[in-house]
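So the structure is just underneath, and the comments pick up after that.
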Amino acid sequence: MAAARRSLPLLRSLITTRSVTYMPRPGDGAPRPVTLIPGDGIGPSVTNAVEQVMEAMHAPVFFEKYEVHGDMKRVPQHVLDSIRKNKVCLKGGLRTPVGGGVNSLNVQLRKELDLYASLVNCFNLPGLPTRHENVDIVVIRENTEGEYSGLEHEVVPGVVESLKVITKFCSERIAKYAFEYAYLNNRKKVTAVHKANIMKLADGLFLESCREVAKKYPSIKYNEIIVDNCCMQLVSKPEQFDVMVTPNLYGNLVANTAAGIAGGTGVMPGGNVGADHAVFEQGASAGNVGNEKILEQKKANPVALLLSSAMMLRHLQFPSFADRLENAVKRVISEGKYRTKILAETALLRRSLMLSLLIWIDRKKTSIIIVQVLEISSRT
């Protein structure tokens with residue numbers, strides 16, 4: 001007994017000084033398959049940049065690439081099967097035709113895979129000047145219902161009826177996701193965006209669900225704001241917002257507004273997440289996917305998708321690789337030596353940003369991949 005008592009202090013000291021920051025799962029050393037959809041317009045250009053960086057980092061992922069385009073009637077079944085098998089997808093933008101009765105493949109993907117939460121992180125990047133400082137907003141948007149339910153029809157010629165669907169199940173689910181995200185990421189406040197002053201039943205149900213979930217998280221401040229006032233507050237004082245939870249359509253508008261404030265859609269990462277699957281892509285679109293001028297002039301900006309790829313690596317539980325990629329991107333922009341044309345009027349081509357990024361990722365040794373990319377770039 002005496003010997004056992006004497007060993008207790010030593011045991012306590014071992015317990016208190018030892019810390020575990022990351023517990024790997026069995027088989028974590030094996031590369032993970034990721035479905036890759038290059039997409040339309042600038043999509044293939046920016047996804048190719050991600051492939052180069054992943055290869056230079058020796059990231060433990062490999063891509064299964066599929067051609068999908070926005071003018072298709074639906075996402076091919078073998079592509080959906082690949083995402084269901086791999087559980088993770090990286091996607092360039094898909095062009096959505098305006099009008100004409102053609103459904104959005106982006107919406108199809110979200111519905112087929114039940115990607116109920118869209119997450120866009122809008123934040124200031126050091127070295128990229130903007131009108132506002134201290135912006136760090138996470139917009140979490142319900143992704144499967146609302147105005148994007150696709151329930152519309154022509155009642156009589158010249159009269160179209162479009163249904164906005166809000167359910168308690170989906171509202172509670174997205175509210176819980178927002179509060180869990182805030183809790184796990186040390187965020188202090190969740191703001192619900194709504195139009196319940198007019199849409200009293202639909203948005204009223206959304207608000208009611210958010211309030212019920214908020215009661216379970218007393219350490220997180222909760223408030224509500226009407227969507228039109230929210231837009232005004234975003235452009236005048238964006239630093240007041242932290243995590244925002246929204247129905248489908250409002251989230252699309254709020255995320256693009258916040259992205260414009262923080263530096264542009266080309267630098268904001270995002271992802272669409274469900275219980276079993278996740279698709280990572282540029283956080284806010286604002287039409288740059290289908291902008292042929294950007295493609296012709298080679299102004300495509302890979303920063304947003306690179307940061308989305310860091311989110312993907314974190315989702316796959318590879319935090320050290322995610323940190324390396326994210327820090328390299330931020331350092332290149334902070335230095336200000338290499339920027340794409342879309343980031344600065346006097347900047348160099350996208351390949352200069354890529355080369356600088358690859359050098360920062362592998363700075364301590366001469367990397368073969370950097371030499372190869374330099375040779376390729378000199379010929380293009």
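Taken together, the values in this text are just the output of simple stated rules run on the coordinates, not laboratory data. Everything numeric here is computed off the predicted structure, so don't read it as measured data. Reconstructed Cβ throughout: ideal geometry from the backbone, glycine too, with neighbour counts over all protein chains shown.
Report the equivalent ellipsoid semi-axes for the stretch 222-269 in whole Å, largest first, defined as the square roots of five times the eigenvalues of the gyration tensor built from alpha carbon atoms.
Gyration-tensor ellipsoid for the stretch 222-269: 17, 13, 10 Å.
Projecting label points 7 angstrom from Cα along Cα→Cβ for D276 and V165 puts them 2.0 nm apart.
When peptides 188-201, 254-267 are sorted by average Cβ neighbour count within 10 Å, with the highest value leading, the order is 254-267, 188-201. When the Cα atoms of the stretch 170-214 are aligned to their principal axes, the ranges along those axes come out at 33, 17, 12 Å in descending order. Report the local net charge at T246: Lys and Arg +1, Asp and Glu -1, summed over other residues whose C-beta lies under 14 Å from its C-beta. Surrounding charge for T246 is -3. For the stretch 143-258, the alpha-carbon radius of gyration amounts to 1.13 times the rule-of-thumb value 2.2 N^0.38 Å expected for a compact globular protein. Modelled label positions at K85 and E64, each set 7 Å beyond Cα in the direction of Cβ, lie 0.3 nm from each other.
For the stretch 101-154, trypsin sites (Lys or Arg not before Pro) are listed when DSSP marks them as loop and at most 16 other Cβ atoms sit within 10 Å of their Cβ; the list is R131.
Sorting 321-327, 77-83 by their mean Cβ neighbour count within 10 Å, with the most densely packed peptide first, gives 321-327, 77-83. One decimal place: the segment E51-L184 gains 44.9 nm when fully extended, by the rule 0.36 nm per residue minus the C-alpha distance.
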